[in-house]
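**Student:** Handing you this structure, nothing more for now.
The values are calculated or read from the model by the stated rules, or taken from the named source; none is laboratory data. If you're wondering where the values come from, they're calculated on a predicted model, not measured in any experiment. Note: ideal-geometry Cβ built from the backbone for every residue, glycine included; neighbour counts use all protein chains shown.
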Amino acid sequence: MIRIQGHSILCAFVALSMLLILQPASAQIFYADFEDEIGFNDPAQWVPDNPTQTWGIADFPGSGKGLKNLNEGCGTSGNTPLPGVTNFTDGIIQLDMSWEDDDSWGVIFRKTADDAGYLVVFGYIETPGVIIADLADGCAATGFCLDEVNCENGGNELIQVDHGLGTGLTMDLSVSYTGRIWVKGDTIRVWYLPTADIDDPTDPLGDLGEPLVEIQNGAHPGPGSVGIWQESQGGSMIDNVLVVGLGGQPLAWAPNPPDGDLLTDTWTNLSWRPGDFAVSHDVYLGDNFDNVNEGTGDTFIGNQANASILVGFPGFPVPDGLMPGMDYYWRVDEVNDANAASPWKGNIWNFSIQPYTAYDPDPADGAEGVDTDGDFSWTAGFGAKLHHVYLGDNFDEVDSATGGLPQGVATYDPGTLKLAQTYFWRVDEFDAIETHKGDVWSFITEGAVGSLNPAKGAVDVTQTPTLTWSPGVFGASHEIYFGTDAEAVKNADTTSPEFKGSGNLGSESFEPGQLEWNTTYYWRIDEANNANADSPWKGPLWSFTTANFLIIDDMESYNDLDPVEPDSNRIFNAWIDGYDDPTNGSLVGYDTPPFAEQSIVHSGNQSMPMSYENAVGKSEATLTLTSNRDWTVKGVDTLTIWFRGDAANAAETMYVVLNGSAGIDNDNPDAALRTSWTAWNIDLQSFADQGVNLANVTSITLGLGNRANPVAGGAGMMYFDDIRLYPPAP
């Protein structure tokens with residue numbers, strides 16, 4: 001029997017860091033994330049059946065390192081058995097995939113011979129689908145692509161379904177997709193979705209909702225081996241390869257409506273997939289999370305044998321109907337009185353009923369850069385027959401407005417709006433009985449202040465920031481408002497303590513001085529131009545939060561501007577390297593813009609690349625500190641330097657020096673070979689013991705080699721980022 005489910009996917013993911021706390025009936029068999037090249041992470045452990053295929057380590061989007069296929073062509077296609085996984089029968093196989101090619105990844109499992117086992121194919125562009133195939137039909141023959149063995153598009157495969165990923169897929173290793181196979185007995189289920197759509201990394205069971213495809217086929221019961229199959233995948237990658245054995249799934253799963261869904265009716269049919277041991281189901285439903293979680297109040301609506309129940313109709317639970325605008329929570333506990341572990345408490349799921357009021361506005365609330373000639377739209381409230389729209393540039397007037405003309409459609413043409421203007425709008429919904437007043441939304445039209453730094457909502461910002469922005473199209477001068485009270489900054493004028501001064505066009509920056517740690521600050525920029533009748537233009541409220549550590553250098557301030565420009569801040573002009581110094585083999589940055597590294601970063605948008613050539617004995621770069629020179633504030637006691645090397649680097653001792661004299665060596669002689677971002681934590685006392693005045697640190701030097709006794713050595717490339725000082729842990 002074959003059953004294809006709709007591509008309705010709940011966004012939840014196996015938390016790989018929590019695999020060892022999977023339900024007791026499950027056991028991790030295999031996991032590789034390729035971060036340290038040890039054990040299963042070592043590509044040398046991955047031995048392809050096809051000798052023309054080669055694996056290597058490279059950067060995987062969003063998760064550090066991954067395994068990269070280095071060869072291309074149908075002749076290189078084939079299976080690579082997972083090291084040590086030879087007795088797989090029932091369980092979950094999961095992996096992340098990214099493409100630099102248009103062909104397919106796949107998984108072979110329960111393989112006992114070349115013609116005994118299953119293949120699941122995760123297609124991409126060339127084959128835009130998911131395929132389940134029997135190895136007996138020759139669908140995974142070494143050295144052949146799928147079309148060459150007639151195992152796609154209605155050939156020898158057991159089933160092929162559309163993958164649902166759409167078109168316009170990238171081939172630049174910028175996007176990750178997750179494939180999962182669940183197999184038990186003669187049932188095979190497959191999920192396939194963008195990794196970014198999996199939004200619950202704390203769920204160790206990784207419920208992804210209804211599978212994309214499910215079949216029943218008992219031809220190969222196992223046990224057998226598991227392997228990664230690739231079809232001409234030149235340059236494409238895999239990561240986070242996981243195999244978990246199942247002894248049974250006791251929990252209810254795949255809720256419908258999906259978790260977090262918004263319903264447009266006041267009734268629904270709750271349904272779910274039963275756990276493997278369930279005889280009956282205890283169902284809980286209510287509008288209070290804690291009550292449903294604890295099973296208190298009137299949330300228990302009964303025990304039943306069926307895996308579905310109608311709610312919101314007379315004669316059923318919630319007979320008067322579900323309430324518009326209400327959030328509901330529900331839970332299904334699986335029951336089997338013959339099993340001592342019963343009942344199995346289920347996860348709590350949530351759905352909401354459409355509100356009476358208008359929602360989902362376009363322009364969105366708080367939107368910036370809105371087109372001055374666009375139409376407005378929204379989603380009508382529950383039962384709405386007519387809509388009343390109010391628009392203006394004064395919040396209070398829009399909030400209190402009445403008597404708007406009714407209209408029958410959920411769109412509105414405001415006419416041509418002013419540039420760089422803040423607008424407020426509101427939609428009241430009339431359902432033939434009552435008018436439901438809507439929220440007041442706001443937006444700013446194009447031409448206003450932009451390019452904020454720090455960005456709106458930024459976190460871990462330095463305590464000595466320089467706030468910058470780009471001026472609006474009409475701005476000739478500006479007023480700056482800044483403080484820790486959101487309402488005070490929002491409503492301040494030039495007589496308020498939050499007013500910090502004004503400036504003219506060309507001076508779009510503000511230095512607020514030394515800020516508190518771990519504190520949220522708010523700021524606003526108003527612009528003015530006496531030659532424009534619409535002046536002044538009040539700016540929106542922005543915020544950022546300072547770090548709970550001291551930032552020495554996060555590499556974010558460097559740019560590519562020409563040195564003659566006043567704002568030029570090239571990275572190699574701050575970190576002084578070995579250029580023109582025959583005793584120093586380092587070079588910071590790149591020869592052409594961007595001079596900082598913008599792909600291999602620990603956080604933010606940039607890191608510092610530094611090549612070393614120790615034929616001259618040592619390689620180092622020095623930053624002279626102009627701020628944050630007191631390394632005793634807040635009791636900081638640890639210097640942290642994030643670094644990353646390359647497996648091709650020469651092994652050279654990495655060191656850090658303060659004030660040009662006090663040095664500490666990294667205790668890992670192979671630190672330069674690290675292929676993932678690594679934190680180097682150094683006790684500041686070790687510098688104080690060498691005579692450094694920690695209250696006046698003037699410079700920091702990063703280097704490779706033997707600084708005290710230089711000897712000729714090798715070469716390589718290092719990356720440094722996020723140099724920080726941390727206080728003791730609370």
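**Student:** Could you check how many residues of region 597-635 are in contact with a Lys or Arg (Cβ under 9 Å, 6 or more places away or on another chain) and aliphatic (A, V, I, L, M)?
**Tutor:** Residues that pass the stated criteria total 1.
**Student:** Continuing with this model, one more query. Looking only at region 515-562, filter to residues that are within 27 Å of the chain's Cα centre (by Cα), closer than 24 Å to H602 by Cα and of a type in the set (A, V, I, L, M); which one of those is surrounded by the fewest Cβ atoms within 10 Å (Cβ to Cβ)?
**Tutor:** A547
**Student:** Of the conditions (1) part of a loop (DSSP other than H, G, I, E, B); (2) touching a Pro at 6+ places or on another chain (Cβ under 9 Å); (3) within 21 Å of G117 (Cα to Cα); (4) not hydrophobic (A, V, I, L, M, F, W, C), N79 satisfies every one except a single condition; which number is it?
**Tutor:** Answer for N79: the failing condition is (1).
**Student:** Within region 414-430, identify whether any single residue is assigned by TED's automatic domain parsing to the domain that holds A533, of a type outside the set (A, V, I, L, M), modelled with pLDDT under 95 and touching a Lys or Arg at 6+ places or on another chain (Cβ under 9 Å), and answer yes or no. Even if it seems obvious, please write down each step before you answer.
**Tutor:** We begin by selecting, within region 414-430, every residue assigned by TED's automatic domain parsing to the domain that holds A533; these are none.
The answer is no, given that none of the residues of region 414-430 is assigned by TED's automatic domain parsing to the domain that holds A533, of a type outside the set (A, V, I, L, M), modelled with pLDDT under 95 and touching a Lys or Arg at 6+ places or on another chain (Cβ under 9 Å).
**Student:** Please go through region 673-716 and give me each residue that is touching a helix residue (DSSP H, G or I) at 6+ places or on another chain (Cβ under 9 Å), farther than 16 Å from V636 by Cα, in a strand (DSSP E or B) and in contact (Cβ under 8 Å) with a residue 40 or more places away in the chain, ordered by number.
**Tutor:** Residues satisfying the conditions are L704, G705, A715, G716.
**Student:** Let me ask you something else. Going through region 40-57 one residue at a time, which ones are surrounded by 19 or more Cβ atoms within 10 Å (Cβ to Cβ) and part of a strand (DSSP E or B)?
**Tutor:** Within region 40-57, W55, I57 meet the criteria.
**Student:** Limited to region 153-181, what total is found for residues that are surrounded by fewer than 18 Cβ atoms within 10 Å (Cβ to Cβ) and of a type in the set (S, T, Y)?
**Tutor:** Counting residues in region 153-181 that are surrounded by fewer than 18 Cβ atoms within 10 Å (Cβ to Cβ) and of a type in the set (S, T, Y) gives 3.
**Student:** Residue by residue through region 372-417, note down the ones that are surrounded by 17 or more Cβ atoms within 10 Å (Cβ to Cβ) and touching a helix residue (DSSP H, G or I) at 6+ places or on another chain (Cβ under 8 Å).
**Tutor:** If the condition is that a residue be surrounded by 17 or more Cβ atoms within 10 Å (Cβ to Cβ) and touching a helix residue (DSSP H, G or I) at 6+ places or on another chain (Cβ under 8 Å), then Y390, L391 are the ones that fit.
**Student:** From the set of residues in region 241-260 that are assigned to a strand (DSSP E or B) and within 21 Å of the chain's Cα centre (by Cα), which is farthest from E35 (Cα to Cα)?
**Tutor:** Restricting attention to region 241-260, the residues satisfying the condition of being assigned to a strand (DSSP E or B) are 241-246, 253-256.
Adding the requirement that they be within 21 Å of the chain's Cα centre (by Cα) leaves 241-242.
On the way: V241: 12, L242: 14 Å.
Filtering first and then ranking leaves L242.
**Student:** So, one more: Determine if region 568-590 includes at least one residue that is surrounded by fewer than 13 Cβ atoms within 10 Å (Cβ to Cβ) and among the β-branched types (V, I, T).
**Tutor:** Yes, the conditions are met somewhere in region 568-590.
**Student:** If R426 meets every condition in (1) surrounded by fewer than 19 Cβ atoms within 10 Å (Cβ to Cβ); (2) under 20 Å from D362 (Cβ atoms); (3) free of Cβ contacts under 8 Å to residues at least 60 places away in the same chain; (4) not hydrophobic (A, V, I, L, M, F, W, C) apart from one, which number is that one?
**Tutor:** (1)
**Student:** What are the residue pairs meeting all of these: first residue in region 263-290, first residue within 13 Å of V311 (Cα to Cα), second residue among the basic types (K, R), Cβ atoms under 7 Å, and 6 or more apart or on different chains?
**Tutor:** Y284/R331
**Student:** Then there is this: Would you mind telling me which numbered condition in (1) within 23 Å of F34 (Cα to Cα); (2) at pLDDT 95 or above I132 fails?
**Tutor:** Evaluating I132 over (1) within 23 Å of F34 (Cα to Cα); (2) at pLDDT 95 or above leaves (1) as the failure.
**Student:** Report yes if T495 is among the polar types (S, T, N, Q), part of a loop (DSSP other than H, G, I, E, B) and surrounded by fewer than 19 Cβ atoms within 10 Å (Cβ to Cβ), otherwise no. Reasoning before the result, please.
**Tutor:** Details: among the polar types (S, T, N, Q): yes; part of a loop (DSSP other than H, G, I, E, B): yes; surrounded by fewer than 19 Cβ atoms within 10 Å (Cβ to Cβ): yes.
So T495 fits the description; yes.
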